[in-house]
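Following: one structure in structure tokens, then a few remarks.
No lab work stands behind these numbers, since they all come straight from the coordinates. What you see is a predicted model; the values in this text were computed from it and never measured. We place every Cβ from the backbone using ideal geometry, glycine too, and count neighbours over all the protein chains shown.
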């Protein structure tokens, strides 16, 4: 077993990995930026080392710094979490060149899957269905025009080096193509340092279904069934669940075998997620991309399969064989995850920053809270606005939804604006209830009700309590200022100031 | 007995407090009691419900409450303060201007309109790059561009006014 793991991340995922380390008796070392000195992951890790400025480029993305800390403190492995350096092949190569184990796939697998067009080529050759489109990066705008014309609009432009919705644009007609092409390339260049884009046929109203895969270093590959993550805003997931309420057992069998096939084709080791678009009408699914890392939404799979993915990652990296066989993995009940973001829905989803002044997490049967914040944590502009993942398990989807609603109501945060109200709105929506939602759910159902309309009914419920408390606190303030005034002399200017 | 005007989301409520009884818009709620747990947490009992309410006191009139996951930004003023405010507002003129602000700190990539352009709700006004994402900021009402206060390529703070629509 590994002895000491440096966790090259922050927030809830760093906390999650630290917990797995503790349970396995492995020492955990956190790294942190100047903005994160008091953050939860720093407090929970066995050791913590400052690595630079608040800007991620000067801390969590500084490969040399992280590797030199790892060597200095005698860490024998690095866990990258997700985001930051998790899917950076150069980083993996450098980590391994320094004799440190990278908890994740090989640099080659990351390169192959990170370049989306090479991934598409490989999948096509391995018999995994892909979305119709180009399997090479576009050489020019002219080539884009020609190809888009051939497969027909609407199309998607996507960053070849991309992921997470960045550098991605839907194009409905030829006259939109030029500006979309430029903007997607620009965004791709900024986000990934590579301006290459490619074209995919736009699939109308699909669902997003993905399969969790685990592979050891001896060629054993299994899946941990699927997750559905169709509730997304601009390709960022908001709510995920497992099992998917949208597929039958036959499709489940096909999609999970396709995922194992995809991972095997890359010679994959450790944890990954194979993402698919699913057409509910034809029941066809298409390979979208392979995420070569631990996924944000891994907990829903952990709850329904009763299997700890992060501990298994560490065991695999320690050179152990998979601790379970495919036959030993099955789905039990239903799990849902809600991502709690510090953002203001009514203000164009702007990130909300500030100090957490009150923080009480929900507890109870079947509730799991993966959080990176604590009372008095600072939520800054520097990092992802996701604060916490609430995950619930119950015997059925219906019961899990109710449990989640209660958990959200009992998650009390003050100091930043959160999307908890929006999550409650989604869970209440008939299209979420009957699982007829697609990846366009938020765009179609919420967008027309922005900025304020969607809140109306939701907020009516407790408006009297809010109004009453405001009047009570106002009255207290007035009495307070009257008594304060008495301590001053009858200086009329002072009196006015206090009134 | 004291009277207040409480505003939430543009709705005004007339509130009277009278020894544990509260009247909101003429509707009597009895058995109301309140205790402060700490500076950011209040306990409110009313109508046999007990709410634990995370609270932020912004100033003497503005409060933020979180009730069962919902965030209420509420303003409470005395009747006198409310009246004074209306007088001030009228003095400033019935201004129908809308300041379009940057919803987050970032870089103005492009401005889609010129001064004098007629715009419609939903029109793209400018593109703001923040957190590596390009965000299209759209008009929330119909009108005409009166002023543009920033240039393309300029960095803006959160809530900085980018342009004014009349």
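Can you show me the helix-derived [θ] at 222 nm for chain A, built from DSSP H runs with n ≥ 4 at -39,500 (n - 2.57) apiece and divided by the number of residues, rounded to the nearest 500. Spell out each step's value before the answer.
On the way: 17 runs with 185 residues, N = 499.
So the helix-based figure for chain A works out to -11000 deg cm²/dmol.
Take every Cα pair under 8 Å in the stretch A:56-111 that's 6+ residues apart, average their separations, divide by the length, and report that relative contact order as a whole percent.
Answer for the stretch A:56-111 is 34 percent.
I'd like the FRET efficiency for residue A:179 and residue B:149, computed as 1/(1 + (r/R0)^6) with the beta carbon distance as r and R0 of 41 Å, rounded to 0.05.
Working: r = 25 Å, r/R0 = 0.60.
That gives a FRET efficiency of 0.95.
So what is the diffusion coefficient of chain B in µm² per second by Stokes-Einstein at 25 °C and 0.890 mPa s, using a Kirkwood Rh over Cα pairs?
127 µm²/s
Work out the FRET efficiency for residue A:235 and residue B:157 from their Cβ-Cβ distance, taking R0 = 30 Å, and round it to the nearest 0.05.
E(calc), rounded to 0.05, equals 0.65.
Of the beta bridges DSSP finds with both residues in the protein assembly as shown, what % are antiparallel, to the nearest 5?
Among the beta bridges of the protein assembly as shown, antiparallel pairing accounts for roughly 90 percent.
What's the average, rounded to a whole number, of partner chain beta-carbon atoms within 10 Å of each residue's beta-carbon in B:70-79?
6
Quote the Stokes-Einstein diffusion coefficient, in whole µm² s⁻¹, for the stretch A:84-144, based on the Kirkwood radius over alpha carbon pairs, a temperature of 10 °C and a viscosity of 1.306 mPa s.
Once the numbers are plugged in, D ends up at 119 µm²/s.
Output needed: percent of Cα pairs per 5 Å distance bin for the stretch A:4-103, bins running from 0 to the one holding the longest distance.
For the stretch A:4-103, the binned pair fractions read 2, 15, 29, 28, 19, 6, 1 percent.
Per residue, what volume in Å³ does the convex hull of the Cα atoms of the stretch A:207-457 enclose? Numbers along the way, then the final one.
Working: hull volume 33.0 nm³, N = 251.
Spread over its residues, the Cα hull of the stretch A:207-457 gives 132 Å³ apiece.
Using Cα pairs closer than 8 Å and at least 6 residues apart in sequence, work out the relative contact order for chain A, in percent.
RCO, chain A: 13 percent.
In bins 5 Å wide, starting from 0, what share of all Cα pairs of the stretch A:348-398 does each bin hold, as a percent?
Bin by bin from 0 Å, the calculated values are 4, 16, 23, 20, 15, 11, 8, 3.
Roughly what angle does helix A:116-126 make with the longest principal axis of chain A, taking Cα atoms, 0 to 90 degrees, to the nearest 10?
Helix A:116-126 sits roughly 50 degrees off the main axis of chain A.
Over all distinct alpha-carbon pairs, what is the Kirkwood Rh of the stretch B:2-91 in angstrom? Mind dumping the intermediate values first?
Numbers: mean 1/r = 0.0705 Å⁻¹.
For the stretch B:2-91, the Kirkwood estimate is 14.2 Å.
Which translational diffusion coefficient, to the nearest whole µm²/s, is obtained for chain A from the Stokes-Einstein equation, given a Kirkwood hydrodynamic radius over C-alpha pairs, 37 °C and 0.692 mPa s?
135 µm²/s
Report, to two decimal places, the Cα Rg of the stretch A:99-246 normalised by 2.2 N^0.38 Å (N = number of residues).
1.14
Quick one: helix A:63-72 against the long Cα principal axis of chain A, what's the angle to the nearest 10°, folded into 0 to 90?
90 degrees
How shielded is A:450-463 by partner chains, expressed as the average number of their Cβ atoms within 10 Å of its Cβ atoms? Kindly include the intermediate steps, with their values, before the conclusion.
Numbers: counts 2, 1, 3, 0, 0, 3, 1, 0, 3, 7, 2, 3, 10, 10.
Neighbouring Cβ atoms belonging to other protein chains average 3 per residue here.
Looking only at the stretch A:241-258, which residues have a backbone nitrogen under 15 Å from a spot 7 Å from the Cα of residue A:434 in the C-beta direction?
A:246
Round to the nearest 10 and give me the degree value, 0 to 90, for the angle of helix B:79-91's Cα axis relative to the longest principal axis of chain B.
For helix B:79-91, the angle is close to 20 degrees.
Can you tell me the relative contact order of chain B? Whole percent, Cα pairs under 8 Å, sequence separation 6 or more.
RCO, chain B: 16 percent.
Calculate the FRET efficiency for residue B:99 and residue A:23 from the Cβ-Cβ distance with a Förster distance of 45 Å, rounded to the nearest 0.05.
The pair residue B:99/residue A:23 has a calculated efficiency of 0.30.
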